[in-house]
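Everything on this sheet refers to the single structure shown next.
Only the coordinates and a few stated rules stand behind these numbers; no lab work does. Model, not experiment: these values are computed from the prediction. Positions of Cβ are backbone-derived with ideal geometry, glycine not excepted, and every protein chain shown enters the neighbour counts.
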Amino acid sequence: MSAMLLSWSVTVAQILLSLAMACTLARILGGPRAQDRVLGLDTLYVCAMLLLITFGIATGETVYFEAALVIGLLGFVATAALAKFLMRGEVIE
């Protein structure tokens, strides 16, 4: 019973995360300002990271968790660099 509940929950989470990524992509493409696009990109990498984690839970493979960690680290750095660029107009001083 619990394995079936876990499988069903992971499937529902994957569907909802895919819908969230679609909504975020609409925000990135239609955002009126650059700040909206950066926030959309931030949300997109978090959703991608969570989607990889749910794939890892469903399959039991550890490579998905490692990929999610890499996406999280690179996404944070990219968000920080974009925020600094929007604030000052340059990334490296």
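Measuring from label point to label point, each 7 Å out along Cα→Cβ, what is the Leu73 to Ala22 span in nm?
In this crude label model, Leu73 to Ala22 measures out at 3.3 nm.
Given a Förster distance of 30 Å, report the FRET efficiency between Phe65 and Leu29 from their Cβ-Cβ distance, rounded to the nearest 0.05.
0.50
Test of the criteria: in the stretch 53-93, which chymotrypsin sites (Phe, Trp or Tyr not before Pro) are in a DSSP loop and have at most 10 other Cβ atoms within 10 angstrom of their Cβ?
In loop regions of the stretch 53-93 (DSSP not H, G, I, E or B), there are no sparsely surrounded chymotrypsin sites (Phe, Trp or Tyr not before Pro).
Using a Gaussian network for the chain with springs between C-alpha atoms less than 10 Å apart, which of these wobbles most: Ile71, Ile53, Ile15?
Comparing Ile71, Ile53, Ile15 in a Gaussian network model of the chain, the most mobile one is Ile15.
Let me know the Rg and Dmax you get for the stretch 2-88 when you use only its Cα atoms, in Å.
When restricted to Cα atoms, the stretch 2-88 yields Rg and Dmax of 15.0, 52 Å.
How far is the Cα center of the stretch 36-52 from the Cα center of the stretch 64-93, in Å?
The two parts, judged by their Cα centres, are 12 Å apart.
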